[in-house]
């Protein structure tokens, strides 16, 4: 039995209750729910409001015109033939009527209406031809913490004492098994996205999300979903302008207020964006989608968008590097990304930096490798575990610190256990599977007893 299988068995026998220890209210925005629907996180098989079996055969694409949210989708009702058309995603069932969809011909090709909240009375989703559209209700409570939950640091848990008494080799074995389990889970997610959108689009979407880091994972995911890789690369000279335009970063009314270097850069982007703006207007991110407060200057989304544009522009070179057993070419690809403007600017309004800054530094690259590149390569049939296990960790975050505090407290070995990517990923998996799923403040969590029986 592999380490991942042993950890899966441990998790299956734990019987942890579903209510998390930190029961924080979570208000998902409609955009985030749509993005996670598109990513397949609600699943592909549903029971409709009328009891019918509904299968999503193709999630389609983000709609660029007036009408439903997703076009070119395909669904199967009651295991019969495939219906092709559009999918509309609303927060409430009555929004179909409230938003005027029933009288709008643009919604006549809708094959599925997805909603979150159900009103006090029954609503029928009908088109202008009085055709009833099947409905599916989804539950956001089934989603994971998602696009970066903000969790407080915690006091040491009940497992701190038994962990301190265990030999170092046994603790490392537990962390390694949890890391293998996590790698397999990320690989399955990549497989799911690949089945939905193809390998290149899946890789592109996941790299974009990783560039967004925790604060801006959602808007980067939305951009990648709304502007697919193939469409973006169809006009290679406009890649950067399209991304900045869709990101709502080219709506500055007066270029004269910017420094000369920034003015020239924006002028060039605007000249490329303007001819395409009308056709893509519906895909532009809504105002206030970006989270800028608390973002480190090097992680500002404008810099990360420039990095994404560079990655897309050199996509064939990236995919060739990922096909090699040696990780060096892929690492070199990311670390060699440069930009004449963004190498020296944090934002469009910042003063130029006297020294060049990496578009994708080692810390961000390590995260991209762990969460995207290595799962993608494992899906392609390569054994990436040795590389995953030995890769030095270069970054910590609030969730890691919280998990380390609960499991290890002030154990002096704590830092040693978390020096590798695998150690950190294993800790995160245990924290999510046990700490966040326990509703007894450690009193009834089975992990301390489970790990003492670990062999």
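Bear in mind that the values in this text are calculations on the coordinates, not laboratory data. Keep in mind it's a predicted model, so treat the numbers as computed, not measured. Heads up, the Cβs are rebuilt from the backbone with ideal geometry, glycines too, and the neighbour counts pull from every protein chain shown.
Based on alpha-carbon centroids, what's the gap between the range 358-420 and the range 47-62 in Å, whole number please?
Taking the Cα centre of each part, the range 358-420 and the range 47-62 sit 37 Å apart.
For the range 30-142, what relative contact order do you get, as a whole percent, if you take Cα pairs closer than 8 Å and at least 6 residues apart?
It comes to 22 percent, rounded to a whole number.
Quick one: if the Förster radius is 45 Å, what FRET efficiency do residue 414 and residue 335 give, using the C-beta to C-beta distance and rounding to 0.05?
0.90
Suppose a student asked you for the relative contact order of the range 214-273, using Cα pairs under 8 Å spaced at least 6 residues apart; what percent would you report?
That works out to 33 percent.
Given the Cα-Cα distance of residue 233 and residue 282 and 0.36 nm per residue of separation, how much length would full extension add, in nm?
15.7 nm
Quickly work out the residue 58-to-residue 30 label distance, labels modelled 7 Å from Cα along the C-beta direction, and quote it in nm with one decimal.
2.6
Restricting to the chain, compute how many DSSP beta bridges are antiparallel as a %, nearest 5.
65
Of the listed peptides 382-393, 82-93, what is their order by residue-averaged count of other C-beta atoms within 10 Å, with the highest listed first?
The packing order, highest mean first, is 82-93, 382-393.
Along the Cα-to-Cβ line of residue 317, 7 Å from the Cα, sits a label point; which residues in the range 219-250 have backbone N less than 17 Å from it?
Counting only backbone N, you get 233, 236-240.
Could the peptides 402-408, 123-129, 281-287 be put in order, highest first, of the mean number of other beta-carbon atoms found within 10 Å of their residues?
402-408, 123-129, 281-287
Would the range 170-228 count as rounded, prolate or oblate if I go by the C-alpha gyration tensor, calling it rounded below 1.5 in a/c and otherwise prolate when a/b exceeds b/c, oblate otherwise?
oblate
What number, rounded to the nearest 500 deg cm²/dmol, is the helix-based mean residue ellipticity at 222 nm of the chain, given -39500 (n - 2.57) per DSSP H run of at least four residues and division by all its residues?
Mean residue ellipticity at 222 nm (helix-derived): -13000 deg cm²/dmol.
Would you mind classifying the range 215-321 by shape? Square roots of the alpha carbon gyration tensor eigenvalues, ordered a ≥ b ≥ c; an a/c under 1.5 is rounded, otherwise it is prolate if a/b is larger than b/c and oblate if not.
Rounded is the answer for the range 215-321, as its axis ratio a/c remains below 1.5.
Let a ≥ b ≥ c be the square roots of the eigenvalues of the Cα gyration tensor of the range 30-142; is it rounded (a/c under 1.5), or, if not, prolate (a/b larger than b/c) or oblate?
rounded
Working out 0.36 nm times the residue gap between residue 92 and residue 248, then minus their Cα-Cα distance, what length gain in nm do you get to one decimal?
53.4 nm
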